[in-house]
Structures are given as C-alpha cells and as structure tokens.
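Read the structure below first, then the notes.
The values are calculated or read from the model by the stated rules, or taken from the named source; none is laboratory data. Here the structure is a predicted model, which means the values were calculated and not measured. Cβ coordinates were reconstructed from backbone atoms using ideal geometry, including for glycine residues, and neighbour counts include every protein chain displayed. Protein only, heavy atoms only, side chains kept; ligands, DNA and RNA dropped before computing areas. Shrake-Rupley method; radii C 1.70, N 1.55, O 1.52, S 1.80 Å.
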Amino acid sequence: MEFTIRSIAKVSNSRSEIQDDYWAEIVSEIELEDNIPAESLDGIETFSHLEIIYIFHKAFGSEPVFGSEHPRENKRWPKVGIFAQRKKNRPNHIGSTIVELLRRDGKKLLVKYLDAIDGTPVVDIKPVMREFLPMSGISQPDWSKELMINYWE
C-alpha cells in the first residue's frame, strides 16, 4: 500500500549537513507551510514538549535498509535490524523526535533537541502527553548507550 504525505512545515537551523552527534546546542525553528493556518497551532504553547515527525530528505537516493546492519557501520556494535535502530536509511525515511518547545510565534515554533537539519520537511506535529510515554522503565542494549554518548552533547 502506498500513501502520499505532504509537508506541513519546514525546519530552519544552523546545521546544513548530515551529522550524527552534538545536537544539544542546535535550536530550530519550525515554520508552517503557507497553506497551513496559524490557528492549527492554537493551544500548543500549553505543552512543554512536542513530537516532530519528519522526512530524512537528504537520504533520498540512498539505498534503504530492509534487513540488518551495524549501527553507524560500526563493526564493534552488533548487526541489528533496521527497526531496532534509528538509522536515516529506513524504508520510508521517516524520523521522529520529542523536542522541548521554547515558544510559539504565529506560524513558527522555536524548539530545542530536534535532530533534523536545515530544510527538513515536517509531516506532523503532536503534543507530548505523559499518558503516551512508556508506562514502565525503558531498557536498551549497551551498544545503543555508547552510540548516544555524544548525541545530545
């Protein structure tokens, strides 16, 4: 089954090239497309965090992974399936991140902790509600903790 998804917004920030780490200092602006009214954001400022769903648009043209690979091609880490990692070369090139909302200004959102580069198309914005977060503790393998050491530095 195929779907057509349209961009509802675009990311603007200082990072123009794909880079895996050091996202903590990047502040991003998400601006709604011209055809999306500002009122679609009404009430969003009452939430501290948002989930941003976006497209890894710079990964288009690269072969998507359907099986398993070493995360970041690092042979010290085990081969795991594409759905057991957050690699950009996913079958549908879709990413998502929970961000901190700093402020809203009309059709623009200023956010922190968004790991998307300048020009990234956004396909959805959702408020983060405690009831949608995990009800139990989160577990993850050691390799993933090592991979994330510098991610939010």
Hey, GLU17 among the charged types (D, E, K, R), exposed (fewer than 12 other Cβ atoms within 10 Å of the Cβ) and not in a loop (DSSP other than H, G, I, E, B) or not: no
Segment 1-30, residues that are more than 19 Å from GLU100 (Cβ to Cβ) and β-branched (Val, Ile, Thr): THR4, ILE5, ILE8, ILE18
Collect the residues in segment 32-57 that are out of contact with any Leu (no Cβ under 8 Å at 6 or more places or on another chain) and closer than 28 Å to GLU153 by Cβ, keeping them in residue-number order. GLU51, ILE53, TYR54, ILE55, PHE56, HIS57
Just the residues that are outside any strand (DSSP E or B), farther than 15 Å from VAL122 by Cα and not small (Gly, Ala, Ser), please, taken from segment 38-58. GLU39, ASP42, ILE44, GLU45, THR46, PHE47
Looking at (1) at pLDDT 95 or above; (2) of a type in the set (Val, Ile, Thr); (3) open to solvent by 70 Å² or more (accessible area, probe 1.4 Å), which is the one condition that is false for ILE149? (1)
For segment 31-43, indicate whether the set of residues that are in contact with a Ser or Thr (Cβ under 9 Å, 6 or more places away or on another chain) and closer than 18 Å to LEU102 by Cβ is non-empty. yes
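Which is within 23 Å of THR4 (Cα to Cα), more than 17 Å from the chain's Cα centre (by Cα) and open to solvent by 80 Å² or more (accessible area, probe 1.4 Å), of PHE66, PHE60, PHE83?
After ruling out the rest, the residue left standing is PHE66.
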Regarding ILE55, is this residue without any contact (Cβ under 8 Å) to a residue 60 or more places away in the chain and either touching a strand residue (DSSP E or B) at 6+ places or on another chain (Cβ under 9 Å) or open to solvent by 30 Å² or more (accessible area, probe 1.4 Å) (or both)? no
Tally of residues being open to solvent by 50 Å² or more (accessible area, probe 1.4 Å) and among the aliphatic types (A, V, I, L, M) across segment 20-44: 1
Could you tell me whether any residue of segment 81-102 is at positive phi and among the small types (Gly, Ala, Ser)? no
